[in-house]
1. Kindly identify chain B as rounded, prolate or oblate by the Cα gyration tensor criterion: order the square roots of the eigenvalues as a ≥ b ≥ c, call it rounded if a/c is under 1.5, otherwise compare a/b with b/c, prolate if a/b is larger, else oblate.
2. Among B:Val251, B:Val164, which comes first, second and so on when ranked by fewest other beta-carbon atoms within 10 Å?
3. Using 7 Å Cα-to-Cβ label points, what is the A:Glu71/A:Ala250 separation (nm, one decimal)?
4. What number, rounded to the nearest 500 deg cm²/dmol, is the helix-based mean residue ellipticity at 222 nm of the protein assembly as shown, given -39500 (n - 2.57) per DSSP H run of at least four residues and division by all its residues?
5. If you stretched the chain out fully between B:Ser181 and B:Asn256, how much longer would it get, using 0.36 nm times the residue separation minus the C-alpha to C-alpha distance?
6. What is the mean number of Cβ atoms from other protein chains located within 10 Å of the Cβ atom of each residue in peptide A:87-98, rounded to a whole number?
7. Between A:Ala124 and B:His264, what FRET efficiency comes out of the Förster formula 1/(1 + (r/R0)^6) with R0 = 30 Å and r the beta carbon distance, rounded to 0.05?
8. Shape of region A:111-205 from its Cα gyration tensor (a ≥ b ≥ c, root eigenvalues): rounded if a/c is under 1.5, otherwise prolate when a/b > b/c, or oblate?
Amino acid sequence: MAQAGALEIRNLNKHYTVNGTPLNVLENINLSIHPGEFVTIVGASGCGKSTLLRLVIGLDNEYTGDILLDERRIRDTGLDRGIVFQEHRLFPWLTVKKNIETGLLNNTRFSPEEKENSVREHIALVGLGEFESAYPHQLSGGMSQRVAIARALVNRPEVLLLDEPFGALDAFTRHFLQDELLRISSEEGITMVLVTHDIEEAIYLADRVVVMQPRPGRIKRVVDIDLPRPRPRNADAFVRYKDDLLADFATGDRPEDILAGALEQPA
Amino acid sequence: MSAQESTLELPTAREAGRSPALQAGLHALRRGGAIIAFFLLWEIAPRLGLVEAAFLPPISQVLATGWKLLLNGQLPQHFAASLVRSAAGFALAIVAAIPLGLAIGRYRLFAQVVNPLLEMFRNTAALALLPVFILFLGIGETSKVAIVFYGCFWPILLNTITAVVTVDPLLIKSARAMGLSPVRLFRKVILPASVPTIFVGVRLAGAVSVLILIAAEMVGAKSGLGYLIIYSQYNFQVPEMFLGIVCITLVGLLINALLVTLEHRLTAWKRNGGEA
């Protein structure tokens, strides 16, 4: 299991048909992610980054090219991949514990004991032991998002996909959860793919940052982040990465997105 | 701001000096004062000659009549007849309308096919169909239960359809991302998410069940509270008539209390676990 979680995307193309004309949302995506690697994907809105996650999680099988997880072709959703969305999407009628247990409904691989252990471990992993019998409406946004992370991890997937998971949280909670995510990543050793429009977040978390461009959605470049963790956000090297990446967006074709992206950077 | 604070603090400061018994009494008065005043007015107005006592007997006289009919068994008989009819029609409507509503809400094509028909039936007042029911089913129990069933069916059905259709799509997407099968998705997500809205329909139907039953019993029946009211009025037994009305209120309150309790249980997650 330790070396599982290699994600290989080859010649991936995806188009939607809008009013009878095909619209390319992803064009020739090639990306190879190593087991245990933390990859972040940044890009202006409309660059197809969320679509890419949709395809990897298996909610949409309409594409050409290959998505391989440990050499196996991905089709439909599966226990080897977990996903966290921007909104926590917890079931309001279930407690924290039961919400996490719903992640296991399709799991036939674990014995009942293994299931119980996994639930308990992951509640502890996200630090919500005291809140396991609370209902979602009693939790803050950050706590809810931690439950969502635990639910995505409870099947012990090989890859965790995160679609702007902290986008709706305040800056303090966001920073805290970023550190939590790094801790979880190193403890669980699973492959992480996180989509964000926050360049600072992308640099802070990633081993590699994938920069995407819109119309059609494609990879502009991949930047290795060669910084030891933890990474002070105001360190010279950090700021250099940030300036470098921001330059990519300055040459983009949608100024309003760049402005929105830049404004969202916490000061 | 400061004015608001002082108005908030005043009652507690005043209540601090009072004994618990007095406070409990005041609380009861606050909750039941309007009802007590209403019954007092009902008692006094006819006695003072403000209204014709023959048309509006004092409440004490109505209650005395009630006691008499209770002892001779007439009241329990009418009360039970009404309760059984409305409960039976109501229960049948729940059993039939919820599954059908779930199915219609779930399958878009089915919904499109049956929707115009439902719209037509929904807008046909149940009481307008009463003669048809009596024609086909006679004036016995069947027609009464059937008309209550019919009246209760629509609010439950339409609210169930709405409930299923309006389940938060994000929850469905999240469940699909977890790979839940359609059956599990339905049982674990759509059904529980629909409960609150379905219950809106059930409570509406609870009120409808009493309303329609009484009308049906007034038109053609040999027992029941509606029959008691109309029969007493024909015979100018005014206290009996008012007794019937009071009992109907009791039936309505009883059904509502039952439904509120049930709803509380089914949606306990909205409040449970202590307020954080």
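1. Taking the square roots of the gyration eigenvalues as a ≥ b ≥ c, chain B is oblate.
2. Ordered from fewest to most neighbouring Cβ atoms within 10 Å, B:Val251, B:Val164 come out as B:Val251, B:Val164.
3. If labels sit at A:Glu71 and A:Ala250, their model points lie 4.6 nm apart.
4. Values: 20 runs with 309 residues, N = 543.
Estimated from H runs of four or more residues: -18500 deg cm²/dmol.
5. 23.3 nm
6. On the way: counts 5, 2, 9, 2, 9, 8, 13, 3, 3, 1, 0, 1.
Other-chain Cβ atoms within 10 Å of each residue's Cβ, averaged: 5.
7. On the way: r = 33 Å, r/R0 = 1.10.
Step by step, r from the Cβ atoms, then E = 0.35.
8. Taking the square roots of the gyration eigenvalues as a ≥ b ≥ c, region A:111-205 is oblate.
Since every read-out is calculated from the coordinates, none of them should be taken as a lab result. Predicted, not measured: the structure shown is a model, and the values here were computed from it. Neighbour counts are summed over all protein chains in view; Cβ atoms, including those assigned to glycine, are modelled from backbone coordinates with ideal geometry.
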